[in-house]
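This report concerns only the one structure given below.
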Amino acid sequence: MSSTFQKHQKRRGKSASIRKRLRQVTTRPRLSVHRSLANISAQIIDDLRGHTLVSASSLEKEVRGGIQGLRKTDVAKKVGSLVAERAKRAGLVKVAFDRGAYKYHGRVKALADAAREAGLEF
């Protein structure tokens, strides 16, 4: 097996473990974060129905226009505030934060802090 394959398997296992723990603790919708080297996205998922309720990404046109020259953490802050704004419009206030297999640091933390400042509770 290649080391890249093993790395992906570890990441999937870790994120599944975190998701399982979240399901045991709460029935709130889940704010899931995905980051790549260049972009970041967040979506609020209702696991009971298996539906995505709200999403935001740095790839969207309305976000992409205003991020030229910004650092990645600043882009994550914009995405966090955008997902929180859309969630409030959809009537969601309380969510559970799912960081996936990523450390709660850097862009993930910036997104979470911006979502909290915009009114989401987790």
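Things to note:
- Looking only at residues in region 3-33 that are outside any helix (DSSP H, G or I) and surrounded by fewer than 16 Cβ atoms within 10 Å (Cβ to Cβ), the one that is modelled with the highest pLDDT is Thr27.
- All conditions in (1) under 14 Å from Ala110 (Cα atoms); (2) touching a Pro at 6+ places or on another chain (Cβ under 6 Å) hold for Lys78, with the sole exception of (2).
- Residues of region 87-113 classified as within 20 Å of Ser15 (Cα to Cα), part of a helix (DSSP H, G or I) and aliphatic (A, V, I, L, M), total: 4
- You will find that of Ala84, Ala38, the residue that is within 12 Å of the chain's Cα centre (by Cα) and either among the basic types (Lys, Arg) or over 19 Å from Ser15 (Cα atoms) (or both) is Ala84 and no other.
- Check on Arg49, of a type in the set (D, E, K, R), more than 14 Å from the chain's Cα centre (by Cα) and part of a helix (DSSP H, G or I): no
- Residue within region 53-68 that is at pLDDT 95 or above and surrounded by fewer than 13 Cβ atoms within 10 Å (Cβ to Cβ) present: no
- Whichever residue in region 91-111 is free of Cβ contacts under 8 Å to residues at least 40 places away in the same chain and aliphatic (A, V, I, L, M) and, among such residues, is surrounded by the most Cβ atoms within 10 Å (Cβ to Cβ): Ala110
Condition check ((1) farther than 20 Å from Glu117 by Cα; (2) of a type outside the set (A, V, I, L, M); (3) in contact (Cβ under 8 Å) with a residue 12 or more places away in the chain) across all residues:
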{"site": "Ser17", "(1), (2), (3)": "yes, yes, no"}
{"site": "Arg23", "(1), (2), (3)": "yes, yes, yes"}
{"site": "Ser32", "(1), (2), (3)": "no, yes, yes"}
{"site": "Gln43", "(1), (2), (3)": "no, yes, yes"}
{"site": "Asp47", "(1), (2), (3)": "yes, yes, yes"}
{"site": "Arg64", "(1), (2), (3)": "yes, yes, no"}
{"site": "Lys77", "(1), (2), (3)": "no, yes, yes"}
{"site": "Leu82", "(1), (2), (3)": "no, no, yes"}
{"site": "Arg86", "(1), (2), (3)": "no, yes, yes"}
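- A residue that is farther than 19 Å from Val95 by Cα and of a type outside the set (Phe, Trp, Tyr) occurs nowhere in region 40-56.
The values are calculated or read from the model by the stated rules, or taken from the named source; none is laboratory data. What you are looking at is a predicted structure, and each value in this text was computed from that prediction instead of being measured. Note that each Cβ is placed from the backbone with ideal geometry, even for glycine, and that neighbours are counted across all protein chains shown.
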